[in-house]
Amino acid sequence: MSELVTIYIDGQPYEVPKGANLVDVAKFYADNGIPVFCYHPKMEPVGMCRMCLVELGTIMRDRDSGEVITGENGEPQVRWFPKLQTACTTTVTDGMVVRTNTDAVIEARDDMIEFLLTSHPLDCPICDKGGECPLQNLTMAHGPGRSVFYWEDKVRLAKHVPLGELIYLDRERCIQCARCTRFQDEIVGDDVLAFHERGRELQIITVSDPPFDTYFSGNTTDICPVGALTTADFRFEARPWELKDIASLDVYGPEGANISLSTRLDRDAGGIVIIKRVMPRQNEAVNEIWISDKTRFGHHHTRAAERLTKPKVRVGDRLVEAEWDHALEVIRKHIKPNVSVGAIAGPTLSNEDLWELRKLAQAVNAGAKLSIYPATMTGGDIIAQVGVGVGTNFKDMGSGTTIVVVASDIEEEAPIWYLRTKVAGDRGAKILVLNARETRLDHYAADSIRYDYGAAVSAVNDLAKHEAVTNAENLVLICGAEGMTLEQHGELMNACANLLVSTGHVGRPNNGLLAVWEGANVQGAFDVGFSTEATAEMMAKVPDLLFIAGCDPIGESAEAAGLSKAKFIVVNSLFDTPTTAVADVVLPSQSFAERDGTFTSGERRVQRFYPAQGVIGQSQTDWRIFASIRNGLNGSAVQRLTAGVFKELAGEIAAYEGLTYPALAVVERQFPDVGGDDLYYGGTAYQNNGGLGVQYPATSEAEGAKPSKFATKGKKTSYKGLTAIPVNRLYDRGYLFKYSDELMQQRIGEPFVVINPADAANIAGGSRVGVTIDGVQYEALAVVSEDAPKGFVLMPKRLTSQPGPFAPAAIETIEVIAEPVGA
Amino acid sequence: MFSGFWMTIKHAFMDRPTISYPEERRPVHERFKGRHALKRYDNGLEKCIGCSLCAAACPADAIWVEAAENTDDERYSPGERYAKTYEINMLRCIFCGYCEDACPTEAIVLEHEYQLSFTNRRDAIYTKDMLIDNPPEGREGTPQTVEPGAFDRSIPDMENPK
């Protein structure tokens with residue numbers, strides 16, 4: 001879109017990118033909001049609502065000479081379309097002339113609003129959209145003020161139709177713009193919504209079972225230009241003008257999705273400010289304006305009843321509540337100089353927390369082990385070398401780009417990347433999926449390559465000869481760790497890096513490696529000096545003193561059980577978990593909503609989040625807790641502000657050099673301008689006032705950098721007998737998401753395992769089975785399906801009541817506990 | 001001097017303007033704006049639908065509303081939404097009546113009660129229980145159990161302009 005053309009809007013000339021949509025251009029360059037309902041800049045225009053009618057013409061040119069034909073007064077002559085045209089279906093061309101304020105246009109808008117309102121109910125006072133509703137705004141701006149239609153002819157329809165558990169439909173309010181159905185079809189690829197009937201009877205219905213079955217349903221409520229679709233979560237919680245939007249970040253995924261927390265005081269929560277809803281915040285380079293339902297509805301853990309409010313100290317075999325001073329004193333007394341120390345950082349700790357944890361651990365013992373939980377993936381250093389180039393944006397990927405997804409069910413692990421990869425595929429990018437089993441992305445893949453679990457490395461090595469890779473102008477590799485041990489994943493990351501380096505796809509935008517980290521700030525943890533190899537070492541040889549923060553290893557992972565052998569364990573936690581149960585001191589930490597900090601996304605974008613919610617009990621931020629303990633040990637200074645900690649960190653970590661809080665908070669105007677406070681397109685809180693973040697460059701981007709070679713052994717592992725493959729599921733019972741409200745608990749569902757029909761000789765689908773691994777029996781629902789390769793059983797992580805395996809594990813037995821209901 | 005005495009004598013026999021408040025009270029004008037009341041429909045349901053428009057209109061930020069959802073088993077007001085919390089801070093209120101104007105269901109009305117005194121700030125916050133009218137004679141209060149679908153509209157129906 002670099003070529004510029006001149007168009008005239010209401011007589012003024014504007015230089016605009018050729019081929020852009022007229023509505024977007026008029027809004028962005030001329031600040032002329034042509035009213036729209038059905039048009040949305042993220043979707044194909046359909047011209048259904050007829051609200052954007054304008055007068056359109058082109059400057060006349062002589063056919064032979066190409067000269068502009070001028071009239072008597074020397075003005076260029078314009079050839080007008082005989083009738084009004086829809087601006088949303090028009091792309092700009094050179095010499096286009098647009099009039100948006102003539103009598104004909106104004107009358108057309110008047111009439112369209114009048115038609116739309118013939119059957120729209122007047123329940124704005126109770127509508128969740130009231131106050132940020134495009135229909136309200138455009139009625140005020142363009143409506144006729146009176147109607148010639150009879151009130152008695154108004155159509156009455158159902159007002160309370162649950163489309164699914166999360167979304168309610170009010171049929172009366174719907175203006176049939178088809179934004180929701182188009183979003184599901186075009187962007188997500190789950191065509192679960194559809195129009196039913198025709199004319200006055202036209203209705204939105206859901207065509208899936210269970211209803212509205214998608215991970216992105218919440219986005220339809222954002223783009224709905226009226227209050228027809230509302231979320232069950234926010235229903236009647238507050239009016240939009242009463243909410244205060246605070247910029248924040250998703251705490252669940254590696255994508256670093258930008259969100260706004262809409263907050264308000266709440267009586268039932270004890271008079272503190274709480275999160276009423278989570279809205280996407282526009283960041284065109286990260287999540288555009290989409291977020292997954294987990295991000296949107298998974299905020300209830302921040303004020304769950306189970307939140308810890310006071311420190312706890314072990315007395316005998318019990319943990320008793322204590323004051324902060326006492327708890328810190330107990331810790332100080334137990335720390336002997338130069339004991340072996342380990343620190344385990346969860347994926348939700350901010351960079352500042354990690355930095356202070358590192359300082360604390362190294363203050364006790366310079367050789368402290370700094371480790372990351374979950375220890376399923378490695379290669380943070382590889383990402384720092386050959387990660388995607390600065391300026392990488394899925395939005396720019398189209399024809400000529402190849403996106404390879406290796407060993408990841410990306411829809412479950414990084415839904416925003418799934419969505420953006422899928423849309424890039426629609427634009428012409430080639431998607432290659434390498435996996436041992438079929439995933440959702442295979443539907444959109446140019447080629448699906450199957451390997452056996454344990455043979456991913458050779459599959460990646462073979463890619464070098466693949467036509468989609470050799471012909472690729474740009475190449476992005478997205479690497480997961482499904483069905484791998486930590487060591488195997490290290491090999492895979494090397495193989496991926498090797499492929500990129502050998503084909504020259506490093507060090508520039510839209511090229512490089514992405515890792516589907518299990519959590520929001522795993523990349524930050526690698527950057528600050530933590531590693532997953534240290535976790536593995538620590539599990540083999542447990543140190544005497546252990547700091548665990550922001551995770552629940554003992555409750556989630558079977559491999560972590562040995563950690564309880566440490567002599568003294570300090571746990572920072574939001575909740576009482578199996579990990580806090582073995583701790584000697586438990587310190588209540590704050591959730592992401594109560595504090596500020598920075599996360600580094602999988603794309604190496606450092607982004608800020610801000611305090612939104614009132615503090616629960618006596619909880620403190622993790623970094624302050626670590627700093628207080630360190631201060632108690634050696635009296636070294638404690639920073640007063642999070643910004644100070646970050647400044648210290650940026651001074652020490654080379655990659656973060658030059659980054660400051662103000663730099664991370666810079667916001668530039670984005671095209672299309674969905675996030676304006678005039679609620680132009682969407683009517684929701686997309687506005688980004690918290691900063692776009694800064695992507696720090698990979699080392700391969702430095703001038704004259706020669707990326708090192710990455711060696712792989714290419715060793716295949718073969719599995720004998722039935723093997724359990726732990727897989728990630730978006731809705732799980734992980735450390736934070738477990739404490740969601742009822743709405744999400746229903747979505748998590750009960751534990752299940754997927755068994756290939758060939759392996760399920762005497763197991764019927766739907767029966768309850770006990771899967772025994774390493775002497776532990778896991779009870780789950782059996783799903784018999786080809787989704788699981790022969791010889792393997794897919795076992796979602798963090799669903800079962802006991803901690804499950806995080807690496808492939810041999811299954812001892814599978815026994816049927818109960819036959820399927822009704823069999 | 002005599003004219004002066006005359007004035008005194010005349011006034012001594014005139015009607016006294018002072019009344020012995022609080023035993024006696026002066027009548028107020030029909031349009032007098034005193035303490036608010038939340039009204040009910042004749043069937044006992046609350047008129048208030050918890051829309052918060054009064055709070056938005058309030059220039060003194062004296063009103064606090066939190067809404068919740070009605071069900072047919074537990075119905076407070078017609079339609080889907082009702083006010084779970086409704087509070088007015090009488091120390092803040094300036095009795096301007098904007099809330100009355102903003103109300104789409106005529107639920108909040110400034111009545112003639114003007115005797116508002118408190119001994120601490122907390123007492124100045126009038127809760128929903130204190131503001132709401134008693135149910136009409138012979139009608140039950142809220143919540144009520146009603147026929148499914150009988151009250152699905154929040155706002156009373158409009159008519160064509162005459």
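The values are calculated or read from the model by the stated rules, or taken from the named source; none is laboratory data. Model, not experiment: these values are computed from the prediction. So basically every Cβ, Gly included, is an ideal-geometry build from the backbone, and we count neighbours across all protein chains shown. The area values use the complete protein model at the heavy-atom level, side chains included, leaving out ligands, DNA and RNA. Shrake-Rupley method; radii C 1.70, N 1.55, O 1.52, S 1.80 Å.
So here's what we get for this one:
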read-out	value
Equivalent ellipsoid, segment A:119-231 (semi-axes from 5 times Cα gyration tensor eigenvalues, Å)	25, 15, 13
Rg(Cα)/(2.2 N^0.38 Å) for chain A, N = residue count	1.01
Candidates per trypsin sites (Lys or Arg not before Pro) in segment A:51-91, loop by DSSP, up to 16 other Cβ within 10 Å	A:63, A:83
Quotient of Cα Rg and 2.2 N^0.38 Å for segment A:419-531, N being how many residues it contains	1.07
Shielded by partner chains, segment B:131-160 residues - at least 40 Å² of accessible area, 1.4 Å probe, vs chain alone	B:153, B:155, B:157, B:158, B:160
Accessible surface of residue A:326 - all protein chains present, 1.4 Å probe, nearest 10 Å²	100
Estimated inter-spin distance, residue B:7 and residue A:4, nm [label 7 Å along Cα→Cβ]	8.6
Residues residue B:19 and residue B:94, FRET efficiency given R0 of 25 Å [Cβ-Cβ distance, rounded to 0.05]	0.45
Amide H contacts under 5 Å for residue A:277, placed H, 5+ residues apart	A:262
Computed Kirkwood radius, in angstrom, where 1/r is averaged over Cα pairs of segment A:561-637	14.4
21 Å Cα-Cα reach of residue A:716 towards lysines, excluding residues that sit fewer than 8 places from it in its own chain	A:465, A:790
5 angstrom amide H check on residue A:97, placed H, neighbours 5+ away	A:8, A:57, A:58, A:59
Label-to-label distance, nm, for residues given as residue A:787 and residue A:716 (7 Å Cα→Cβ offset)	2.7
Relative contact order %, segment B:37-143, counting alpha carbon pairs below 8 Å whose residues are six or more apart	37
Relative contact order (%) - segment A:723-818, alpha-carbon pairs under 8 angstrom, separation at least six	42
Net lengthening on full extension, residue A:160/residue A:318 (0.36 nm per residue, minus Cα-Cα)	51.9 nm
Threshold 40 Å², segment A:93-126 residues less accessible with all protein chains present than alone (1.4 Å probe)	A:122, A:125, A:126
Peptide-level mean, for B:79-86, of C-beta atoms on other protein chains within 10 Å	4
Calculated FRET value between residue A:742 and residue A:641, using beta carbons and R₀ = 35 Å, to 0.05	0.40
For segment A:52-57, Karplus couplings with θ = phi - 60° (6.51, -1.76, 1.60), whole Hz, Gly/Pro x	9, 4, 9, 8, 10, x
Folded to 0 to 90 degrees: helix A:351-364 orientation relative to chain A principal axis, Cα	10
Cys residues of chain B counted as unpaired, since no other Cys beta-carbon is under 4.7 Å	B:48, B:51, B:58, B:93, B:96, B:103
In sequence order, calculated HN-Hα J values of segment A:793-810 (Karplus, 6.51, -1.76, 1.60; Hz; x Gly/Pro)	10, 7, 10, x, 6, 6, 10, 6, 5, 8, x, x, x, 9, 10, x, 9, 6
Chain B - Rg and Dmax from Cα coordinates, angstrom	21.9, 83
Protein accessible area in chain B, 1.4 Å probe - carbon and sulfur %	52
Percent antiparallel among DSSP beta bridges (both partners in segment A:4-111, rounded to 5)	85
Length-normalised contact order of chain A in % [C-alpha pairs under 8 Å, at least 6 apart]	13
For residue A:241, solvent-accessible area (1.4 Å; no DNA, RNA or ligand), Å²	110
Entries in A:294/A:797; A:42/A:294; A:336/A:359; A:159/A:244; A:333/A:647 that, when Cα-Cα distance is taken, lie over 24 Å	A:159/A:244; A:333/A:647
Pairwise burial A:B, computed as accessible area of each alone minus the pair, summed, 1.4 Å, Å²	2200
Per-residue HN-Hα couplings for segment A:536-544 [Karplus 6.51, -1.76, 1.60; θ = phi - 60°; Hz; x = Gly/Pro]	4, 4, 5, 5, 6, 10, 6, x, 6
Dmax and Rg, reported as Rg then Dmax, of segment B:64-127 (C-alpha, Å)	14.1, 41
Coil-residue trypsin sites (Lys or Arg not before Pro) of segment A:164-253, DSSP, other Cβ within 10 Å capped at 16	A:198, A:235
Where segment B:38-140 is the region considered: accessible area per residue in Å², 1.4 Å probe	49
Quarter of Cα convex hull surface for segment A:687-773, i.e. mean projection, nm²	13.0
Volume in Å³ per residue [convex hull over Cα atoms, computed for segment A:163-286]	132
Percent accessible area from carbon and sulfur atoms, segment A:723-818, protein chains only, probe 1.4 Å	50
Radius of gyration and Dmax over the Cα atoms of segment A:723-818, both given in Å	13.0, 38
Sequence-distant residues sharing a close amide H with residue A:778 (under 5 Å, placed H)	A:771, A:772, A:773
Accessible surface, chain A, averaged per residue in Å² (probe 1.4 Å)	37
Carbon/sulfur fraction of accessible area - segment A:140-291, other protein chains in place, 1.4 Å, %	51
